[in-house]
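Readers should treat all values here as calculations from the given coordinates under stated rules, not as data from a laboratory. Quantities reported herein were computed from a predicted structural model and do not represent experimental measurements. Heads up, the Cβs are rebuilt from the backbone with ideal geometry, glycines too, and the neighbour counts pull from every protein chain shown.
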Amino acid sequence: MNVSIIGTGHVGLVTGACLAERGHRVLCVDSDEKKIRFLRAGRMPIYEPGLEALVRRVRKAGRLHFGGTNADAVAFGKVVFICVPTPPTPSGGADLSYVEGVSRDIARALEDYRLVVEKSTVPVRTGEHVRRVLAKYARKGAAFDVASNPEFLREGAAIEDTLHPDRIVLGVETRRAEMILRELYRPFRAPILVTDLKSAELIKHASNSFLALKISYINAIAEICERAGASVTEVARGMGLDRRIGPEFLRAGLGYGGSCFPKDVAAFEAISRELGYHFRLLREVRRINAEARDRFVRKVEEELWIVRGKTIAALGLSFKPDTDDVRESPAVDVVRRLAAKGARLRAYDPRAGEPARELLGGGVTICGSALEACTGADCALLLTEWEEFRRLDWARIRRVMAHPTVLDGRNALDPVRMRELGFTYRSVGRP
Ligand code: UDX
């Protein structure tokens, strides 16, 4: 089937490449000409394991093309996915101006029937607005349907999550739209949930906010464990064995960041308020998440007493391992706070050093290795749990540090082993 993708960010690019992988013919367009040139040159605007090879393969097979206008996208694809950004507004709600603008372009280009599909994460009832815009700007009699097909991809695992999803959610209003999307996703052989448009939109916000809730919940448990002398990793293990709870997303630490959870939780709270429900639980999820960083910075101060003038090594800057994405990164937040207190930061990240550089400004030196960052450091902070940091030669690291103190913000290291190596070692919610 011919499919068009409008917006080649993480969602659009990965979705387009995976649909092409599964045999469809895909056209990806983007208003950012530079990005399209980049893609046409075979370069990836985002780091995602396996994406470059996948895009190269499906382009060679002639099933994935880049470039053109939104009108070209409507002319090419029977299904047109809207994958444009929905950034937060100052009040926390979702800015839908890109969605509205693209919907107008689609409307004006409508000739034959088209199925317009929201893939970007949008607040409930956005589909209604899209339908109204299409009806308002399309020529009389133009035939179309609107559907919601939210993405559930995690950065660093986006291809896996797209090719092998736990479920495909189809929010449709007509049988015709349902049949088209069932045909589109038949090659994916994944469980398909067909529901109405509004429920599909809500599934996304409700799922992401619930995952964020799980993380804040275990971070609250970590606070209790610290006071009680218990271990949050042991508590999480015991909880996770209950198959109604499950072990995932119960890792205590600096909390969540990234371009999704913070935005989605705030947007969900905002749309709920608009609908007349004050989602206080989500406000508490955000408060606990912010507190996790405060607690960690206070831990550093407890260890160093005076932060000003001290040399601190920061291991990890990305918001999570296996990505170069530093958006809303808890690691960057902690580094910035300590630099603001006058510490001399020496930061290293396997992939996010450059992306973080402009975010961090003066008081932070970006180093080329963990060893370099730790050289002469009064303490080392593990802020993102890259596998590389677990495998470091910590005995060697100890010899180059000014003082062997390690504060582990992601419970990535083994306390017994670190103390055997002679480190003063502290982590989150563990003795
Ligand atoms: C998330 C959702 O998982 C995905 O389904 C949705 O489509 C987009 O948002 P992503 O933000 O890419 O994906 O990363 P994810 O792996 O979910 O981690 C989000 C944040 O939570 C990271 O900062 C991570 O460090 C943190 N996290 C995750 C924890 O602090 N503890 C955990 O146990 C798990």
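By how many nm would the segment from Leu193 to Arg308 grow when fully extended, if each residue of separation counts as 0.36 nm and the alpha-carbon distance is taken off?
Numbers: separation 115, 0.36 × 115 = 41.40 nm, distance 5.51 nm.
That works out to 35.9 nm of additional length.
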Exercise. For the range 266-279, what does the Karplus curve 6.51 cos²θ - 1.76 cosθ + 1.60, with θ = phi - 60°, yield as ³J(HN,Hα) per residue in whole Hz, taken in order and with x for Gly and Pro?
Worked result: 5, 5, 5, 5, 5, 5, 5, 5, 4, 7, x, 10, 8, 7
Seminar exercise, completed: Going through Lys119/Lys204; Lys198/Lys320; Lys214/Lys263; Lys299/Lys341 one by one, the pairs whose alpha carbons sit over 19 Å apart turn out to be Lys198/Lys320
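Give, rounded to the nearest 20 debye, the magnitude of the charge dipole that the chain has about its Cα centre when Lys and Arg contribute +1 at Cβ and Asp and Glu contribute -1 at Cβ. Intermediate results must be reported in sequence, preceding the final value.
Values: 69 positive and 56 negative charges, 57 e Å.
Approximately 280 debye in magnitude.
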For this session: With a bin width of 10 angstrom, please list the P(r) values of the range 2-195 as percents of all Cα-Cα pairs, from the 0 bin to the one holding the largest distance.
Result: 9, 39, 38, 13, 0
Seminar exercise, completed: If R0 = 22 Å, then Met179 and Asn2, at their Cβ-Cβ distance, give a FRET efficiency to the nearest 0.05 of 0.90
Problem set entry | DSSP-defined antiparallel bridges as percent of all bridges, the range 69-160, nearest 5 | 10 percent
Exercise. Taking Cα centroids, how far is the range 72-142 from the range 388-431 in Å?
Worked result: 50 Å
Problem set entry | MRE, 222 nm, helices only [DSSP H, n ≥ 4, -39500 (n - 2.57), over the chain, to nearest 500] | -14000 deg cm²/dmol
Exercise. Among Asp325, Asp264, Asp166, what is the fewest-to-most ranking by other Cβ atoms within 10 Å?
Worked result: Asp166, Asp325, Asp264
For this session: Rounded to the nearest 0.05, what FRET efficiency do Phe210 and Lys140 give with R0 = 45 Å and r taken as the Cβ-Cβ distance? Could you check?
Result: 0.55
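For every other residue with a beta carbon closer than 15 angstrom to the beta carbon of Ser199, add +1 if it is Lys or Arg and -1 if Asp or Glu, then tell me the sum.
Summing Lys/Arg as +1 and Asp/Glu as -1 gives -2.
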For this session: Please list 180-193, 2-15 highest first by mean number of surrounding beta-carbon atoms within 10 Å per residue.
Result: 2-15, 180-193
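I'd like to compare 233-246, 46-59, 356-369, 80-93: which one has the highest average count of other Cβ atoms within 10 Å, and what's the full order after that? Let's see the in-between values first.
Numbers: 233-246: 13.3, 46-59: 17.4, 356-369: 15.1, 80-93: 19.1.
Top to bottom by mean Cβ count within 10 Å: 80-93, 46-59, 356-369, 233-246.
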Exercise. By how many nm would the segment from Glu52 to Arg357 grow when fully extended, if each residue of separation counts as 0.36 nm and the alpha-carbon distance is taken off?
Worked result: 107.4 nm
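By DSSP, what percent of the beta bridges with both residues in the chain are antiparallel, rounded to the nearest 5? Show your work: numbers first, answer last.
Numbers: 2 of 45 bridges.
Around 5 percent of the beta bridges assigned by DSSP in the chain are antiparallel ones.
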For this session: Could you tell me, in Å, what Rg and Dmax come out for the Cα atoms of the chain?
Result: 23.5, 76
For this session: Report, to the nearest 10°, how far helix 51-60 tilts away from the longest principal axis of the Cα atoms in the chain, using its own Cα long axis and a range of 0 to 90°.
Result: 30 degrees
